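Participant: Sharing a structure with you now.
Each reported figure results from applying straightforward, stated rules to the coordinates on display, with no laboratory input. What you see is a predicted model, and the numbers here were worked out from it, not measured in a lab. All Cβ positions, even for glycine, are placed from backbone atoms using ideal geometry, and neighbour counts span all protein chains on display.
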Number of protein chains: 2
Amino acid sequence: MNLKIALAQTPFLVGNIAANSQTIIESARYAKQQLNADLIVFPELTVIGYPAEDLLLRTDFIAQANNAIYAIAEQVPDIAIVIGYPEQAGDKLYNSAVVLHHGAVVSSYRKQALPNYGVFDEQRYFVVGEHCCLFELNGAVLGLTICEDVWQAGIIAQNKQAGADILLTLNASPFHAGKIYQREQIVCEQAKAAQIPVVYVNQVGGQDELVFDGASFVANQNGEVVFRAKEFVPQISVVDFIDAQPQPAERAPLYKQISSDYQALVLGIRDYVTKNGFQGAILGLSGGIDSALVLALAVDALGADKVEAVLMPSRYTQTMSNEDAQWQAQALGVKYHIIPIEPAVKAFTQMLAPVFVGTKNDTTEENIQARCRGVLLMAMSNKQGKILLTTGNKSEMSVGYATLYGDMAGGFAPIKDVSKLLVYKLAQYRNSLVPVIPERVITRPPSAELAPDQIDEDSLPPYDQLDAILERYIEYDQTAQEIIAAGFSPAHVERAISLVDRNEYKRRQSPPGIKITPRSFGRDRRYPITSGYRGINR
Amino acid sequence: MNLKIALAQTPFLVGNIAANSQTIIESARYAKQQLNADLIVFPELTVIGYPAEDLLLRTDFIAQANNAIYAIAEQVPDIAIVIGYPEQAGDKLYNSAVVLHHGAVVSSYRKQALPNYGVFDEQRYFVVGEHCCLFELNGAVLGLTICEDVWQAGIIAQNKQAGADILLTLNASPFHAGKIYQREQIVCEQAKAAQIPVVYVNQVGGQDELVFDGASFVANQNGEVVFRAKEFVPQISVVDFIDAQPQPAERAPLYKQISSDYQALVLGIRDYVTKNGFQGAILGLSGGIDSALVLALAVDALGADKVEAVLMPSRYTQTMSNEDAQWQAQALGVKYHIIPIEPAVKAFTQMLAPVFVGTKNDTTEENIQARCRGVLLMAMSNKQGKILLTTGNKSEMSVGYATLYGDMAGGFAPIKDVSKLLVYKLAQYRNSLVPVIPERVITRPPSAELAPDQIDEDSLPPYDQLDAILERYIEYDQTAQEIIAAGFSPAHVERAISLVDRNEYKRRQSPPGIKITPRSFGRDRRYPITSGYRGINR
């Protein structure tokens, strides 16, 4: 009943079956040869990466994945390997885990709980499995589960009742703030209730809007975490099981919330940029807090030599904005350019004059400025093969305080799911490590600088009010009545909610960004654009 | 056993429960008073519109919908009404149909087959119903089903076996080319097999990317269509049932395919623009076939007085392009403007010169031109509250032959799901009614006119090859090998597929457009951006 179980918290590439197979083979060899492991457990759907979305509808892709497991089994016969793959059985597709040993498939499990909420669409692809699955190794009986299975009461206990000594679970559990505590709590409670140790292996890395945070762990049958891998980094570790009981091993400390958020954003940027083959990143640096934070994140993700900043002052840009932006670019050691937008703005103004004759200035003229910046940034992005990072935050995305094809232009929006207040906190956190963002950027009132003496609060409720209202409305589906009853000003609630309701069209065209809250925009919150629903009656 | 059943092929607004309730009440009164109907049947989820997407996660919205049915029942007690609504039962939500009569809920059915493929996400929201549901009226026994139920073998027969004389089905079945034939065939076959007449009521109208085409019908127990409502227009009609057998009534003829496609596009534009409250539409008119078709569609959808065209020639624009664009604007009677883009292009070129020193011209310079047009069009859209219509077709969207924030800019992309070859066919079809597109626009080789003497075929396979390859790869998930085996040039297949694979990021930021094929982009084909899958090895 003695076993060494390796947890392979390794990154996988969606769609790249050949590369993922190679990672599995190399990791398994390492676990056998360097760690002397008897068994190595990988994350959910290892072979194809997660989430592969509609690639799962391609028969060639599925066939390739099904063939891959045999090739892997043959390559590493001397250690038991547990990997996930999309199992084709007749005309049905299952989200399965297989045990490979001695060159063959020893055992196979089909996921029973298929999540179909939030960012998950598993019932679009997979059929529900109906049985638990046990296999024996060194005299111990091991049970298999996959991700959502352990979030539902009963499946861990079912395995124990069927005779399992140890439960293995393969996961692709995406990060959001606080998720790791939730995850450990749920698994530990069930481990304790069923009196069975649980080996929890999670994916690590960024995939489009999702970041998988790793933090794989082992819980003993008393529901205590006896091993924990680091958050946000690949790690292959081994845990000793004596008489099927896990022996205490290293427990990586959990980051504080703010640090976890920061790390998630850094990893999300790094993986999006590198996996998509960009030469680096550029961004518009305005002297405001949002672009200041994105610049710091980008440098931490990619290195200063891969990041370029562009200052694009207009007649409304204050001197201190330019000073602060330059100071910051220099502090972080990134190359920067200064391109005043006036010539382009002037050209468009003159070109449109005959058409706009007799009209008053409005947001049209503000949008022209933002879009001139968008054109410049995209030109520099195109010319160099560097991705343009969009610097808008979640508060702006929620209420539509951003210009389509202007400041919303870009390939990736790192802080799209970060509220304005959290932007400040993250900036302060980053400065607490090494000061790279001028204090003045943090303390001055935020402004889009698209009109004279403009500040955000001219158009929006104060951010301490706005962000709390948005969280309640967007993340918790509270009604206007409930939010007002919680003490918020009816005028602020009305303003915020009506802006959220009517700006879905902008969000639909925004670049992808990193999910860090329980409900992000993008594939998570799916609202109609054309909609008569009004969260508030006006 | 004699009954007059009214089919309410009426439009419903997603999210607007008050307006939908009013439509139901007025339609029911009309059916009773004007048509002497005993029963009126409405489309699926009548009360909230379809698809309401994540509005279904809001408790306030669901509560409002659940209350609405009682209010409706009280308002029109003297006719039996069948409507759909999201039924909250404890913590479960069902996609239900209720029979209202004499001011009360007489009977209730919960949808059994919940589609979770293509554009459908019903398992995200609803729990599966488990029973069929019969009710009696004038001595006849009626069974209830909802949409997907009748696409699955067995549920119609189940109702017959349970004792139903007539089957009613509430639908929100979106249009794609040929769907109506499929729909009638499946229902008629089952009606005949089970020997039961079927009353099929479909929604009509556009909702974001979907168009519901109406064409409600009644099949008799021999599987013959004995009544058909028109395609694409609202209609309330009554069919007599004598001894539970439907009596022959008017059968609207089915449009030819090309005409259906055209009507779907017109309806999709009209409903998106009007439901979202725009004052009208503008578009860039290049002298090419795509914008020519979109202009014709927009005029047919909204009227010439609501549509504005903008010609934005550059140094690469041929004289005939300008001539043809002007001719067309005049032929359709729309206001048009001519704004040469040179001043803005020049401004950007000069502004970027210090940064671009030593580099060669490439697509960057082409994109700048396209983006200058985007800025102009968006400014005119913003100033007037007219929606900008994007003129890109499906072939371009597939291979990324379009500029983000340039010609891709806009609120709605009417022909986003229309292949280039179909663009030509639709233009010819429109000209066959009244010539509005110059013949030269149809016959000259397509060009983006972003570089000297450029034509599309410099960069892309010929459209007759390209479109066929794209259809196989995108709509039918064929592999490169299969497509080559079908006789296409390996070089063309390689070029097309590799472009599709690597341009998901552009599609993700494109405006919504109207689905007219079995697989459109948008909410229908859900691919990862970051992906190692390659449909072809290069």
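Participant: Efficiency by 1/(1 + (r/R0)^6): what FRET value for residue B:485 and residue A:193, r their Cβ-Cβ distance, R0 = 51 Å, to the nearest 0.05?
Facilitator: 0.35
Participant: Also, I was wondering about something else. Please compare each pair in A:346/B:306; A:335/A:394; A:346/B:383; B:230/B:420; B:256/B:515 to a cut-off of 20 Å on the Cα-Cα distance and tell me which ones are over it.
Facilitator: In this structure, A:346/B:306; A:335/A:394; B:230/B:420 lie more than 20 Å apart at Cα.
Participant: For a label point 7 angstrom out from the Cα of residue A:318 toward its Cβ, which stretches of segment A:272-287 have the backbone nitrogen within less than 16 Å?
Facilitator: Answer for this model: A:286-287.
Participant: Compute the Cα gyration tensor for segment A:315-411, then decide on rounded, prolate or oblate, letting a ≥ b ≥ c be the square roots of its eigenvalues: rounded whenever a/c is under 1.5, prolate when a/b is larger than b/c in the other cases, and oblate in all that remain. Before the final figure, lay out the partial values.
Facilitator: Details: a/c = 1.68, a/b = 1.54, b/c = 1.09.
Note, shape of segment A:315-411 comes out prolate.
Participant: Any idea what the dipole of segment B:162-313 comes to, in debye rounded to 20, about its Cα centre with Lys/Arg Cβ at +1 and Asp/Glu Cβ at -1?
Facilitator: Value, rounded to 20: 60 debye.
Participant: Moving on to the next point. Simple spin-label model, 7 Å along Cα-to-Cβ: residue A:338 to residue B:534 in nm?
Facilitator: Label at residue A:338, label at residue B:534, 4.5 nm between them.
Participant: Continuing with this model, one more query. To test your reading of the geometry: what angle, between 0 and 90 degrees and rounded to tens, separates the Cα axis of helix A:257-275 from the longest principal axis of chain A?
Facilitator: That helix lies at roughly 90 degrees to the long axis.
Participant: Hey, another quick one. Could you tell me the relative contact order of chain A? Use alpha-carbon pairs under 8 Å, at least six residues apart, and round to a whole percent.
Facilitator: 11 percent
Participant: While we're here: What's the magnitude of the charge dipole for segment A:84-195 around its Cα centre, counting Lys and Arg as +1 and Asp and Glu as -1 at the beta-carbon? Answer in Debye, nearest 20.
Facilitator: Dipole of segment A:84-195, to the nearest 20 debye: 120 debye.
Participant: Taking a point 7 angstrom from the Cα of residue B:433 along the C-beta vector, which residues in segment B:376-416 have backbone N less than 17 Å away?
Facilitator: Only B:414-415 fall inside the zone, counting backbone N under 17 Å.
Participant: At R0 = 30 Å, how high is the FRET efficiency between residue A:357 and residue B:346 if r is their beta carbon distance? Nearest 0.05 is fine.
Facilitator: About 0.85, to the nearest 0.05.
Participant: Right, here's the next one. Expressed as a rounded percentage, what relative contact order does segment B:405-488 have, with Cα pairs under 8 Å and six or more residues apart?
Facilitator: Relative contact order here is 20 percent.
Participant: Here is a further query. Below 12 angstrom from the Cβ of residue B:92, what's the summed charge of the other residues (Lys, Arg +1; Asp, Glu -1)?
Facilitator: Computed value for this residue: -2.
Participant: At 7 Å along the Cα-to-beta-carbon direction for both residue A:138 and residue B:104, put a label point, then send me their distance in nm to one decimal.
Facilitator: 6.9 nm
Participant: Give A:111/A:160; A:425/B:386; B:111/B:160 a once-over and call out the pairs whose C-alpha atoms are over 28 Å from each other.
Facilitator: With Cα atoms farther than 28 Å apart: A:425/B:386.
Participant: Under the definition of Cα pairs under 8 Å and six or more residues apart, what whole-number percent is the relative contact order of segment B:1-132?
Facilitator: On the way: 259 pairs, mean separation 27.0, N = 132.
Relative contact order for segment B:1-132 comes out at 20 percent.
Participant: Put a label point 7 Å from Cα along the Cβ direction on residue A:245, then list its distances to the equivalent points in the other copies in nm, shortest first.
Facilitator: 8.1
Participant: Same structure again: Ordered shortest first, which distances in nm separate the 7 Å Cα→C-beta label point of residue B:36 from those of the other copies?
Facilitator: List, nearest first: 9.4 nm.
Participant: List, shortest first and in nm to one decimal, how far the label point of residue B:153 (7 Å from Cα along Cα→Cβ) is from its counterparts in the other copies.
Facilitator: Ordered by distance, the counterparts are at 4.1 nm.
Participant: Label-point separation (nm) for residue B:240 and residue B:117, each offset 7 Å from Cα along Cα-to-Cβ?
Facilitator: 4.2 nm
Participant: Still on this structure, I have one more. Taking the Cα centre of the protein assembly as shown as origin, work out the dipole magnitude from +1 charges on Lys and Arg Cβ and -1 charges on Asp and Glu Cβ, in debye rounded to 20.
Facilitator: On the way: 94 positive and 116 negative charges, 270 e Å.
The dipole magnitude comes to about 1300 debye.
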